[in-house]
């Protein structure tokens, strides 16, 4: 209940650490500086920021194998899901983001399962369960450092976003998977897989930063921050370091010429680190005439899997709120009110006059 109210609190000055001695001396930042290097094509290669030795991890093979069997039972009842999952693994392999490895029971094996997202362009996302305990009781997430927030709060980004006459959004394609994991740490992110239950189980090593790891979001944000720091254009540097929310760019300008320069400069700076900025959206006629813009798309932001997102329609340049109304249950309870209210993602508080009464009412009597 506490988090329910804290979700839409105004950000404080301590919500992010962007510069200064506190950022420079933070253990996870020191680890990044000492262990990160770039390939010849500019791609980042990072190491997992571990606070304890991986020797404390126990056996993880048995639980990963058990979860694979459970997944296969689910596939038997959902052939369409299986097809999507097989395509995902094959794409992962074809892009070089995973590779087959020899069976090693001492490696850390990650259970994995699908999550369906009907409202997103990617209907299925594979989640790697890095918080699953091994036989020793420790998981790989338990021994990772979790870095401070170095991106601006969404509240600040949205306020700036609405101040510009012309606005631009985009997102980075497969952001985590554009960052290579050092070979030394790849044995800590191994999965078990087979396309058919009659085939032998294979061990696959994930070669890139993995979704679900405690440090992944920080590593991705830190790589972006580094690209901004290396930019010789002060405007591009400021935008990369301040106008990204996770992998989404939200920025703008007061002239179309300036917006075109921003689009070219930011995309070029990100490309130097092998990050592809795509799915551009804008209310600028100049950009709409280019091949960059998705004219019919709308941007949807979400802060948690329970929320349905805050939307922006570039053609009308308006914010909108997506709410799923479920009228299957005719009896309205306080628990139902709580569930429906929690689905309204309103970081700017634009709907507070409508939602605050429901928030005050719903907790009463839930015990």
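Throughout, read-outs are computed from the coordinates displayed, never taken from laboratory work. Just so we're clear, the structure is a prediction, and the values are computed from it rather than from any experiment. All Cβ positions, even for glycine, are placed from backbone atoms using ideal geometry, and neighbour counts span all protein chains on display.
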(request) Could you line up 28, 184, 157, 331 from fewest to most neighbouring Cβ atoms inside 10 Å? (result) 331, 184, 28, 157
(request) Between residue 361 and residue 242, with labels modelled 7 Å along Cα→Cβ, what's the label distance in nm to one decimal, could you check? (result) 4.2 nm
(request) Quick one: check the C-alpha center-to-center distance for the range 171-241 versus the range 26-94, whole angstrom. (result) 9 Å
(request) Sticking with the crude label model, points 7 Å out along Cα→Cβ, report the distance from residue 274 to residue 335 in nm, one decimal please. (result) 4.9 nm
(request) For residue 116 and residue 45, compute 0.36 nm times the residue count separating them, minus their Cα-Cα distance, and round to one decimal in nm. (result) 22.6 nm
(request) Could you calculate the FRET efficiency of residue 84 with residue 155 from 1/(1 + (r/R0)^6), where r is the beta carbon distance between them and R0 is 45 Å, rounded to 0.05? (result) 0.80
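Which length gain, in nm to one decimal place, applies between residue 22 and residue 323 when the Cα-Cα distance is subtracted from 0.36 nm times their residue separation? If you can, show how the numbers build up before the last one.
Working: separation 301, 0.36 × 301 = 108.36 nm, distance 4.05 nm.
Value of the extension gain: 104.3 nm.
Taking the highest mean first, how do the peptides 241-250, 260-269, 90-99 order by number of other beta carbon atoms within 10 angstrom per residue? Write out the running numbers ahead of the final one.
Numbers: 241-250: 21.1, 260-269: 18.8, 90-99: 14.5.
Per-residue Cβ counts within 10 Å, averaged per peptide and sorted highest first, yield 241-250, 260-269, 90-99.
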(request) For residue 62 paired with residue 256, estimate the spin-label separation in nm (one decimal), with each label point 7 Å from Cα along the Cα-to-Cβ line. (result) 6.7 nm
(request) Work out how much length residue 286 to residue 198 would gain on full extension: take 0.36 nm times their residue separation and subtract the Cα-Cα distance, in nm to one decimal. (result) 26.1 nm
